[in-house]
Amino acid sequence: MNEENMTELLSSGLKNDYNKETFTLKHKIDEQMFPCRFIKIVPLLSWGPSFNFSIWYVELSGIDDPDVVQPCLNWYSK
């Protein structure tokens, strides 16, 4: 895996509070859904010089139905 074959799915930030946040990730290229096996999360900025990065929980949901995924894999492989 290298940056040449990575697609940015989201560029955003978290609020500095205890409320749950939900983000919708990019999942289409030219109106075609693309397959995704790995997600890389890159912290960009902490809330202060004495704070460390901390991501406590990540939940992803998606489609794993072969009838939907296989055409996406075929398109992506071209």
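The values are calculated or read from the model by the stated rules, or taken from the named source; none is laboratory data. Because the structure is predicted, anything quoted here is derived from the model rather than measured. In this analysis, Cβ positions are derived from the backbone assuming ideal geometry, glycine residues included, and neighbour counts consider all displayed protein chains.
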Q: Filter the range 19-54 down to residues that are in a loop (DSSP other than H, G, I, E, B), within 17 Å of Glu8 (Cβ to Cβ) and either at pLDDT below 85 or out of contact with any Lys or Arg (no Cβ under 9 Å at 6 or more places or on another chain) (or both), then give me how many there are.
A: 17
Q) What pairs come up if the first residue lies in the range 19-48 and is within 19 Å of Asn5 (Cα to Cα), the second is among the aromatic types (Phe, Trp, Tyr) and surrounded by 10 or more Cβ atoms within 10 Å (Cβ to Cβ), and their beta carbons are under 6 Å apart, counting only those six or more places apart or on different chains? A) Gln32/Trp75; Phe34/Tyr76; Pro35/Tyr76
Q. What do you reckon, is Tyr57 outside any helix (DSSP H, G or I) and under 18 Å from the mean Cα position of the chain (by Cα)?
A. yes
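Per-residue answers, yes or no, for (1) within 21 Å of Asn74 (Cβ to Cβ); (2) exposed (fewer than 10 other Cβ atoms within 10 Å of the Cβ):
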residue	(1), (2)
Asn5	yes, yes
Leu10	no, no
Asp30	yes, yes
Cys36	yes, no
Ser46	no, no
Phe51	no, no
Ile55	no, yes
Val58	no, yes
